[in-house]
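The values are calculated or read from the model by the stated rules, or taken from the named source; none is laboratory data. Since the model is a prediction, treat every value here as computed from it, not as a measurement. Here the Cβ positions follow ideal geometry from the backbone for every residue, glycine too, while neighbour counts run over all protein chains shown.
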Amino acid sequence: MTKTVIQFIALFLALLVLQLVCNKIVLFNVAMPVVFIYLIMRLPVNLHGGWVLTIAFFTGLIMDIFNNTPGMNSLACTIMAAARRPVFNLFVSRENDMSIPIPSVDSMGVGDYFKYMATLTTLYCLLIFLIQAFTLHNFLLTLARIVGSSALSIIIIFGLDTLVSTRREKRL
């Protein structure tokens with residue numbers, strides 16, 4: 001158990017540094033990669049919902065502190081964490097067969113994991129950019145930011161998962 005906690009703390013610190021670097025990258029003034037949400041997606045499925053929401057809130061709060069966005073990331077991360085379990089159950093029905101209940105390419109398979117990760121990433125990008133805009137005045141720009149950031153983040157998170165995942169995880 002402590003080995004898993006230490007791994008998640010190390011992953012959090014690495015994602016924090018990576019996100020601070022990615023905050024400087026904005027493609028075509030539209031797409032910005034969001035990689036820190038990978039931590040929330042990677043939390044064990046059998047982790048109690050209260051812990052998941054708490055971890056997501058504090059992860060978002062730390063990003064709010066570094067990005068000077070008052071509560072926007074906290075709100076989006078908390079809503080994404082609340083939707084994580086239903087989204088997982090939508091794509092994977094064999095949860096009781098899992099020996100290591102950590103969602104990844106190795107444990108879920110490429111197709112199911114991609115759908116799970118893409119849904120949560122798109123949900124986060126939808127929430128954060130609608131909260132930032134808080135208006136429908138410039139709807140096409142907001143939509144372009146949602147689509148562009150989602151696509152860029154999905155590619156980076158999918159690649160990141162192949163680096164982080166271990167081959168010892170049991171396939172569902």
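Of 49, 71, 60, all but one fail to be surrounded by fewer than 19 Cβ atoms within 10 Å (Cβ to Cβ) and either touching a Gly at 6+ places or on another chain (Cβ under 9 Å) or modelled with pLDDT of 90 or more (or both); the exception is 71.
Quick grid of which residues meet (1) surrounded by fewer than 20 Cβ atoms within 10 Å (Cβ to Cβ); (2) within 14 Å of residue 31 (Cα to Cα); (3) basic (Lys, Arg); (4) without any contact (Cβ under 8 Å) to a residue 40 or more places away in the chain:
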| site | (1), (2), (3), (4) |
| --- | --- |
| 115 | yes, no, yes, yes |
| 121 | no, yes, no, no |
| 151 | yes, yes, no, no |
| 156 | yes, yes, no, no |
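Selection of helices (runs of 4 or more DSSP H) fully inside region 82-172 by the criterion of at least 3 residues being modelled with pLDDT of 90 or more, more than 21 Å from residue 47 (Cα to Cα) and touching a strand residue (DSSP E or B) at 6+ places or on another chain (Cβ under 7 Å) returns 139-164. For a quick check of your reading of the model, give me the residue pairs whose first member lies in region 8-37 and is farther than 21 Å from residue 122 by Cα, whose second is surrounded by 13 or more Cβ atoms within 10 Å (Cβ to Cβ) and modelled with pLDDT of 85 or more, with beta-carbon atoms closer than 9 Å and at least 6 apart or on different chains. Partner pairs satisfying both residue conditions: 8/39; 8/42; 8/43; 8/55; 11/38; 11/39; 11/42.
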